[in-house]
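The values are calculated or read from the model by the stated rules, or taken from the named source; none is laboratory data. Predicted model only: the values in this text are computed from it and were never measured. Every residue, glycine as well, gets a Cβ built from its backbone with ideal geometry; the counts of neighbours run over all protein chains shown. All accessible areas refer to the heavy atoms of the entire protein, side chains included, with ligands and DNA or RNA removed. Shrake-Rupley method; radii C 1.70, N 1.55, O 1.52, S 1.80 Å.
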Amino acid sequence: MLEALKAVQSQLVTLWTVIQHTFSRADTVEYPEQKPYTPPRYRARIVLTRDPDGEERCVACNLCAAACPVDCIALQKAEDDDGRWYAEWFRINFSRCIVCGLCEEACPTYAIQLTPDFEYCEYNRQNMVYEKEDLLISGPGKYHDYNFYRLAGKSVHGKDKGEAYREERPIDVKSLMP
Amino acid sequence: MTKIIVDDKAYEVPAGNNLLHACLSLGLDLPYFCWHPCLGSVGACRQCAVKQYQDENDSRGRIVMACMTPASEGARISVADPQARDFRAGIIELLMTNHPHDCPVCEEGGECHLQDMTEMSGHTFRRYEQTKRTHRNQYLGPFINHEMNRCIACYRCVRYYQDYAGGSDLQMLGAHHHVYFGRHCDGTLENPFSGNLVEVCPTGVFTDKTFSQDYTRKWDLQCAPSICQHCAVGCNTSPGERYGRLKRIVNRYHNDVNGYFLCDRGRFGYGFVNGDQRLHQVMRRQGGSEETTGQAAQVATAAAGHRALAELLARSDSAVIGSPRTSLENNFALLTAARQHFCGGFSAAEQQIMQTAVTNYRQPDIGIPSPADIETADAILILGEDILNTAPVLALRVRQAVRNRARDLAAAAGIPAWQDAAVQELAQQSRNPLIQLTVDNTDLDAIAAINRQLAPADIARLGFAIAHGINSEAPAPNDLTAAETELADRVCALLNHANRPLVITGTALLSTAVLEAAANIAKSLSRKLDAPCPLHQCLAECNSLGAAMLAADSATLEQTLEGVEDGAIKRLLVLENDLYRRCDSRRLDAALDRLDELIVIDHQWTATAAKADWVLPAATFAESEGTLVNSEARAQRFFAVFPGVADVRAGWQWLTAANPGAWAAIDAVTADRASAETVAVEQVATEKATVGKVAVGKVAVGKVAAGNVTIDAVTKACAASQPLLAQIVAAAPPAEARSQGRQVPRMPHRYSGRTAIRAHINVSEPKQTPDPMSALGFTMEGDPTHLPPALRPSTWAPGWNSNQSIHKFQQEVNGELAGGPSGVRLLDEPAAAAAATWFTEIPPAFRAAGDKLQPVPLYHIFGSEELSQRAEPIQARRPRDYIALHPDDAARLQVCSSDGISFSAAGLEFCLGVRITAALPAGVIGLPMGIGGLTPAALATPLTVTKAFDWQPPPSPGDRAVIASDLAANGGAAP
């Protein structure tokens, strides 16, 4: 008897909850006329950024590709005349990407970043394959000041040995001075 | 065995080693830097600290360096002790204070011993906030990059380079924390084993420049167990591929063959696989065209190529020519295709000397030393061979044998062999005697007790005299000069005094008499020792011995050419052999022009391919599987690293497909098909306590198409056809072998980019290429660690990403790999009918033949070998074109070292610069093989030489030539 009463009560409470929702505001938005708010650190379309000097940040270290759980990033390292590493080509297959953000977490140079732009659907899946020229933007993205090569020990154009952050001048091995 | 107690657990370890050696052999993780299994201990880095206790009552203990403390009976240590762990964390923090923030732009990243040890020691956060010391880098040549900031001053590089490899141009410079490891000035590192610095250096100071130019992380490289193709030593290598290009070669440990080290030719000579001379498509010559360049050929379909091949093989007037530089399977498929007109690919001189070599190895009183056995000798006689340039890794082994005098002295003085500094201090310059009788100076001269440069005939005569001196039953040469007699007596005294003498000779001089003299010496020594005396014969190409054993009585090239000249042979099929390297050019031109059809199967565009009507692209070692027999008669299997593209097929695939009738009749093939499901291969695999089993798999990996012959069937048929080769099947597990029920993965388990690599071509990924004919798959799924050594694609263990992880796969550090030796020795059983008789044909003493000069071959590690000389970095190290003359001959010809001379040899005209060297005997002319177009074919007859008045020195010096990117790296200035 008690069981039956409890069941009826449960039904009534459910009905009441549904009726209440009839008068509350809808959560759905009229997309695309009405755009939802995406916070700056929302994880969507991936870009490759540049450092404050306007040079490519990506050094083709391959850590993003290794971290990617769906293996949708491939690239090839190249090196310019002054020793700076960069990606000869850089490809993301967005039709596989799950926007997990592990590539951004793995990136030691803040080069690869996820942006709030999620509107990159295509009718043709082939168009979801982005090459380096599609990914590279002209700004530094979320991290305005970071410049990897200012911290690294490798010398590149515009930064000789000993000119990086907290580096001494190169040693003259022929000197016996302490 | 000794009992030691590590963290309250008792272990049995081999006696006489140090605690680090013991811990690593037990599979325990203990970080280290300055210790290397081949270099011993110096206690420089302080990283391997452990706590040692007096006895079970000692609770305080004291910190000791594991590498400097003997593993004595009952030693009680703790690796996990908090104080020891803190000490190690402190040391790594100190070592890292000056280390740059470079890992993302460092070639070592991902396979870095420093990264691994930092992780292992728990140093995860940088507290040091002061400035870092910096260094300028040096240009070190076309092989090695230098990035000195990354150095942690472990001293391994100079200890390897100077002590182990005998180099003198890499030093420790400077003082205190300014120490610098480099050359006195920018320039090429000259030692031919400099590439090993890449693996010896625990950080990224020395990195592979050729790899850096087309770089991929280790975790992205698809690898396979492979065998070096650039000489007959048969070093085990692990080549890596990505995006369809072979990216690099690293060492794959084999304790009997190459140990931890490769030569630079083997490491940097892989460029021919990706080179612009590489053939990928079937080509046929345009009708009637006289042009013989690549442009004259037009691309045809693979099916047309198959038809042409089948037609040629079906005719009775066709002959086929095999090759000593390709696998046994390829040669055997060719032999099966045309048994009547089969030529093994050797010239008459080569055929004769190779058969002598096989006969020697089958003598009951001659033992065949493996390269590792060479290190145990206490006196070595090298007869005629410049081993540094023809079998480089043997020269490294000989160097250790000479140094190992120090170990004997240390043993007598009670110093353990691993106490490197003490042993060297004790030994000073004491060396085991090395005796060299060669035609020219060699790089081993500096450590040799006796060097003498002689003409090949005189080397052989002296060899016979030495054999007679050791055992008077051996035939003696007549009319030796007093100097020769005295020299022979000195050599005999040294060899008689030795307990473990060893003889090395080789086929490089193409002198059968030298080989016979070496055999006589070994025979007389074996009578003295009352045991077979080790004799190692260096051979010319990676499968010279295999080809010689397969086709002992086959026709020589000269006989085949005679057949063409009589008109008996109208069609010719040449497999991976450039005939212009072995035959007189003019004769060959005429013979090839007489042919109705010439088909060449090769992976490179050669002079022979340029004459062909059809060129069928063959797979290189990197795209095919096969068996090679090295100079100690060890059959070893190499596996495809990546699938071939376009029309590329292995030679045996072309040949079996063109000749299905012959193959259907071979029992081994039908048996192989029937047994695929029933063969249970049980191979004890690997790692320490865990014993993996390789058994027949359940997972389907694609089917071999009906009618197709498998590589294993070819191997089995080859083994069945020739009793000497019966064991080759055991060189590696068969295609049905599985690890944990799956194929062995060629890709590391962290391989990245699978869904993006081909996405630009088509976003729908194709399935991975199946490889049903192999125990390895083009996949990352499977077990990468529990494998028999012959199937391990690369070396990796959890927490040990660098090649140093090899100790996880050894039964004991420096010992044999767990899972037993890979490869199988074929000639350990002497021939049943072989009688212990002497060679008696002693050549007459060398006399200069009037005006004519006797050609002798000189070899260069960079440039003499056919395939590696196509690699760009090897070309950069090639010596400039020259010929070598004795000063007397130069005076007679009125030439000096800035002049050129001209001569005609092997049907070609040569005009080359003169190098005058007093080391060369008078009356001979030294021809550098592979340099300036000179080939072994030029050695056939004495040469008439004249001064070339119009000779101009070549514009750019070949010796120190640099490749474009080096110029860029060096600020545009040539070093």
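Report, in debye and to the nearest 20, how large the dipole of the protein assembly as shown comes out about its Cα centre when Lys and Arg carry +1 and Asp and Glu carry -1 on their Cβ. The calculation lands at about 1820 debye.
Using the 1.4 Å probe convention, the accessible area of region B:138-273 works out to 18 Å² per residue with neighbouring protein chains retained. At q = 0.16, 0.25, 0.26, 0.29 Å⁻¹, what is the base-10 log of I(q)/I(0) for region B:711-753 according to the Debye formula with one equal point scatterer per Cα and no solvent? Please give it to two decimals. Per q value, in the given order, log10 I(q)/I(0) is -0.57, -0.86, -0.89, -0.99. Along the axis of the charge dipole computed for chain B (Cβ charges of +1 for Lys and Arg, -1 for Asp and Glu, origin at the Cα centre), the listed residues B:Asn137, B:Ala455, B:Cys228 are led at the positive end by B:Asn137. Of the accessible area of region B:854-948, with the probe set at 1.4 angstrom, what percent is carbon plus sulfur? Of all accessible area on region B:854-948, carbon and sulfur atoms account for 49 percent. Across the alpha-carbon atoms of region A:46-150, the computed radius of gyration and Dmax are 13.3, 43 angstrom. Report, to the nearest whole %, how much of the accessible area of region B:138-273 belongs to carbon and sulfur atoms, 1.4 Å probe, protein only. With neighbouring chains kept in place, the figure for region B:138-273 is 54 percent. Close amide-amide hydrogen proximity is noted between B:Asn451 and B:Gln436, each under 5 Å apart and 5 or more residues distant or on a separate chain (H modeled in the peptide plane; Pro and chain starts excluded). Legend: distances between Cα atoms for A:Lys77/B:Lys808; A:Lys77/A:Lys174; A:Lys174/B:Lys132; B:Lys51/B:Lys808; pairs beyond 29 Å are A:Lys77/B:Lys808; A:Lys77/A:Lys174. Comparing Cα centroids, region A:6-79 and region B:760-774 end up 32 angstrom apart.
Ranked by the mean number of other Cβ atoms within 10 Å of their residues, highest first, the peptides B:208-220, B:166-178 come out as B:208-220, B:166-178.
List the accessible area buried at the contact between A and B, summed over both sides and calculated with a 1.4 Å probe, in Å² to the nearest 100.
4000 Å²
Where q = 0.24 Å⁻¹, what log10 of I(q)/I(0) comes from the Debye formula for region B:854-948, counting one point per Cα? Here log10 of I(q) over I(0) equals -1.26. Annotation: peptides B:326-332, B:866-872, ranked by per-residue average of other Cβ atoms within 10 Å with the highest first, follow the order B:326-332, B:866-872.
Interface burial in region A:89-105, defined as at least 40 Å² less accessible area with all protein chains than with the chain alone at a 1.4 Å probe, covers A:Arg91, A:Asn93, A:Arg96. With Cα atoms as the point set, the radius of gyration and Dmax of the protein assembly as shown evaluate to 32.5, 129 Å.
Taking chain A as a Gaussian network of alpha-carbon nodes connected by springs under 10 Å, the highest mean-square fluctuation of the residues A:Asp71, A:Asp82, A:Asp27 belongs to A:Asp27.
Suppose all protein chains stay in the model; what accessible area per residue would a 1.4 Å probe give for region A:46-150, in Å²?
Working: 4490 Å² over 105 residues.
Heavy-atom accessible area per residue stands at 43 Å².
One quarter of the convex hull surface built on the alpha carbon atoms of chain B amounts to 41.2 nm², the projected area averaged over directions.
Annotation for region B:394-470 versus region B:232-287: alpha-carbon center distance of 32 Å. In the context of the full protein assembly, B:Phe839 retains an accessible surface of approximately 40 Å², using a probe radius of 1.4 Å and ignoring ligands and nucleic acids. Residues of region A:70-86 whose accessible area (probe 1.4 Å, heavy atoms of protein chains only) drops by at least 20 Å² once all protein chains are present, relative to their chain alone: A:Asp71, A:Ala74, A:Gln76, A:Lys77, A:Asp81, A:Trp85. Of the residues making up region B:143-159, those losing 20 Å² or more of accessible area when the isolated chain is joined by the remaining protein chains, with a 1.4 Å probe, are B:Glu147, B:Asn149. In the protein assembly as shown, taking the dipole from charged Cβ atoms about the Cα centre, the farthest positive-side position among B:Tyr253, B:Gln363, A:Cys107 is held by A:Cys107. A convex hull fitted around the alpha carbon atoms of region B:10-137 yields 133 Å³ per residue. Farthest toward the positive end of the dipole of chain B, out of B:Phe125, B:Leu312, B:Val856, is the Cα of B:Phe125, where the dipole comes from beta carbon charges about the Cα centre.
Ligands, DNA and RNA aside, B:Lys9 has an accessible area near 120 Å² when probed at 1.4 Å.
Separation of region A:96-144 from region B:487-501 is 73 Å, based on Cα centroids.
To put it simply, the accessible area of region B:1-134 at a 1.4 Å probe is 49 percent carbon and sulfur.
Where nothing but the Cβ of Lys and Arg (+1) and of Asp and Glu (-1) is charged, how large is the charge dipole of region A:46-150 around its Cα centre, in debye to the nearest 20?
Working: 10 positive and 19 negative charges, 70 e Å.
It comes to approximately 340 debye.
The radius of gyration of the Cα set in region B:138-273, together with its Dmax, comes out at 15.1, 47 angstrom. Over chain A, dividing the summed -39,500 (n - 2.57) contributions of all DSSP H runs of at least 4 residues by the number of residues returns a 222 nm mean residue ellipticity of -6000 deg cm²/dmol.
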